[in-house]
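As structure tokens, the structure follows; a few thoughts come after it.
Here, each number is a calculation from the coordinates, and none is a lab measurement. Because the structure is predicted, anything quoted here is derived from the model rather than measured. Please note: Cβ atoms are built from the backbone with ideal geometry, for glycine as well, and neighbour counts cover all protein chains shown.
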Amino acid sequence: MNILYGRPNATMEEVENAAVSLDIDKIINSLEGKYSSNVGTLGSKLSGGEKQRILLARTFLRNSNILLLDEPTSSLDSHNESLVFDLLDKNKKNKTILISSHK
């Protein structure tokens, strides 16, 4: 379960909430093994945007005080980019967030 790498002791509900918050839950649930699916070496069975949202879900599940994000939305469409920035905005209290972007 790739998202769980963010916080190995997280509950399944927390993992699913992280996936829902980044709108990747529908894709995960469409896979044969759902959250336990093998997505190939380096996520080869996923699109760039899907991989990016799973990595961001892992990051948000970790709930670190400092986030350094390099091009966190480079592979995302405008809808999913808005989700990421809304989520960052909602979770910015007591955090330092540095974002590098070339847009």
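Grab the chain and count how many Lys pairs have their alpha-carbon atoms under 29 Å apart, sequence gap of 8 or more, or different chains.
21
Quick check on the exposure proxy: order 35, 5 from fewest to most C-beta atoms within 10 angstrom.
Values: 35 16, 5 13.
Going from sparsest to densest Cβ surroundings: 5, 35.
When the dipole is taken about the Cα centre of region 2-100, and only Lys, Arg (+1) and Asp, Glu (-1) are charged at their Cβ, what size is it in debye, to the nearest 20? Each step should come with its number before you reach the end.
Working: 12 positive and 13 negative charges, 66 e Å.
It comes to approximately 320 debye.
Given H placed 1.01 Å from N in the peptide plane, which residues other than close sequence neighbours of residue 67 have an amide H under 5 Å from its amide H?
Excluding prolines and chain starts, which carry no amide H, the hits are 96, 97, 98.
Quick one: in region 2-100, what % of C-alpha pairs are over 22 Å apart? It would help to have the intermediate numbers written out before the result.
On the way: 1188 of 4851 pairs.
It works out to 24 percent of all Cα pairs.
Residue 102 versus residue 42, label points 7 Å from Cα toward the beta carbon: distance in nm?
My value for the distance between the label points is 1.8 nm.
Take the chain, connect every pair of alpha-carbon atoms lying under 10 Å apart with a spring to form a Gaussian network, then pick out the residue of 16, 32, 50 with the largest mean-square fluctuation.
32
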